[in-house]
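Reading through the structure tokens given below for one structure.
The values are calculated or read from the model by the stated rules, or taken from the named source; none is laboratory data. Given the structure is predicted, the values throughout are model-derived calculations rather than measurements. Because the Cβ atoms are built from the backbone with ideal geometry, glycine has one as well, and the counts that use them run over all protein chains shown. We work out accessible area using only protein heavy atoms, side chains counted, and drop any ligands, DNA or RNA first. Shrake-Rupley method; radii C 1.70, N 1.55, O 1.52, S 1.80 Å.
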Amino acid sequence: MIDTVKIIVIIVVLFLLIKKIVMVIMKYKESYKSIHTFNCVTVNTNESREKGLMYRKKPLHKKEGMLFDFKKSKKISLWMKNTYIPLDAIFMDNNGKVLDLKPNLKPKSKKSIISSKKSKYVLEVNNNTIKNNNIQLGDYIMVNKISKLK
């Protein structure tokens, strides 16, 4: 009977120790995610979000984008109607953590692009920005707010 209790205690202690080690590894891994910085105009009203980058004919400058603030996390739907430049879309949470990536959005497309996860922000940037900057799920986006795009 005493040996059985000892074995159970050892198993529980080992389980707790392994759980703690896994948590430390996850925190360590999270702390080494990449942080990408962009200069952005923020749009946070229905009207400004609806217009977005429509009718713009020249590409954005490198490391420049438009940040769409939806104020609450939700599944976000976008389209490229009246948008003449190809874009990438980066979906993020409240902390700027990348939750979903939609590269190579086609100009003037009326097809809906829907985030796979609830997101609060979408950053629209030039086509191939995700690829060229090796932006991955779990990375972080830091935004420097600017008043207008160049």
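Summary table
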{"read-out": "Acute angle (nearest 10 degrees) that the helix 2-31 long axis makes with the longest principal axis of the chain, alpha-carbon atoms", "value": "20"}
{"read-out": "222 nm mean residue ellipticity, helices alone, for the chain (DSSP H n ≥ 4; -39,500 (n - 2.57); rounded to 500)", "value": "-8500 deg cm²/dmol"}
{"read-out": "P(r) weight above 25 Å for the chain, C-alpha pairs, percent", "value": "37"}
{"read-out": "For the chain, size of Cβ-based charge dipole, Lys and Arg +1, Asp and Glu -1, in debye", "value": "600"}
{"read-out": "With all protein chains modelled, accessible area of Glu50 [1.4 Å, Å²]", "value": "140"}
{"read-out": "Integer Hz, Karplus 6.51/-1.76/1.60 couplings in order for segment 68-77, x for Gly and Pro", "value": "9, 9, 9, 6, 9, 6, 6, 6, 9, 10"}
{"read-out": "Per residue solvent-accessible surface (Å²) - the chain, probe of 1.4 Å", "value": "67"}
{"read-out": "Residues with amide H under 5 Å from that of Tyr140, placed H, sequence gap 5 or more", "value": "Ser34, Ile35, His36, Val98"}
{"read-out": "Note, ³J(HN,Hα) from phi for segment 132-142, Karplus 6.51, -1.76, 1.60, rounded to Hz, x at Gly and Pro", "value": "5, 9, 6, 6, 10, 4, x, 5, 10, 10, 10"}
{"read-out": "Nonlocal amide H pairs with Lys120, under 5 Å, H built at 1.01 Å", "value": "Lys74, Met92, Asp93, Asn94"}
{"read-out": "Point-to-point label distance, Arg49-Ser112, nm (Cα→Cβ direction, 7 Å offset)", "value": "1.4"}
{"read-out": "Segment 62-150 - percent of accessible surface contributed by carbon and sulfur, probe 1.4 Å", "value": "48"}
{"read-out": "Positive minus negative residues near Ser115 (Lys, Arg vs Asp, Glu; Cβ under 10 Å)", "value": "+4"}
